[in-house]
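Here's the structure we're looking at; comments come further down.
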Amino acid sequence: AEIGIDGGTITEIAFMKYNSNTADRKIKVFMLNTTKESFVSTSNWVTVGDNDLVFDGTCNFSGNAGEWTTITLTNEFNYTGGNILLCVSDYTNSWVQSYPQFYVYEGNPSNRSLYTYQDSYPYGDNCSQSGTRRSVLNHIKFNYKPAAPKAPKAPTNLAVLNDENIFIEKDRDLVLTW
């Protein structure tokens, strides 16, 4: 709800880099529409599945601090206008000493982020380990296509003004103004 649109199709996400370190990482990105506003415990993970997968591939986290790393989604996300749960899972199976870091907004309402990590192998798509909760949010940009505008409702009450007669010629348009 914080992104300020009623809905649409998200086509890209971008993270703002905090440092200039680079790395190629094999990641999966999952997105869900949710009513969830925080994580109530360190094991309050949300189950994700194949229907929630929006990106599965290698991402090059390069660029300087303050620049954006953009990921074009392989499966566009149908955003319905509420909260979004964004899950990034790294499947690289290795670590780098000087890894890329990303800007976050600090001092947000409690427990808005939940994460865990290990160096040698991934947890899989649904983690059952205890994680760490934080009161931060990533600096994220969503590129989207707005939802299609809704058709106007048909008028329920039409009247002829000034008691004039209305004649419609064959194969002509009639314009009604209300």
On the full set of protein chains, 1.4 Å probe, figure out the accessible area of D50 and give it in Å² to the nearest 10. 130
Report Rg (one decimal) and Dmax (nearest whole number) for region 1-131, counting Cα atoms only, units Å. 14.9, 41
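What does the extension gain come out to for D119 and R134, with contour length at 0.36 nm per residue minus their alpha carbon separation?
Gain on extension, D119 to R134, equals 3.3 nm.
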How far apart, in nanometres, would the label points at K153 and E106 be if each is projected 7 angstrom from Cα along the Cα-to-Cβ direction? 5.0
Report the normalised scattering of region 39-96 as log10 I(q)/I(0) at q = 0.21, 0.25, 0.29 Å⁻¹, calculated by the Debye formula with identical scatterers on the alpha carbons. -1.15, -1.25, -1.30
Pairwise label distance in nanometres, N93 with E67, each label 7 Å out on the Cα-Cβ vector: 3.0
Residues listed by number, region 54-93, amide nitrogen under 16 Å from K145 label point at 7 Å toward C-beta: 72-80
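Roughly how big is region 25-126's charge dipole about its Cα centre, with Cβ charges of +1 (Lys, Arg) and -1 (Asp, Glu), in debye to the nearest 20?
In total the dipole reaches around 100 debye.
The values are calculated or read from the model by the stated rules, or taken from the named source; none is laboratory data. Because the structure is predicted, anything quoted here is derived from the model rather than measured. Note that we place each Cβ from the backbone using ideal geometry, even for glycine, and neighbour counts take in every protein chain shown. These area figures cover heavy atoms from the full protein model, side chains too; ligands, DNA and RNA do not enter into them. Shrake-Rupley method; radii C 1.70, N 1.55, O 1.52, S 1.80 Å.
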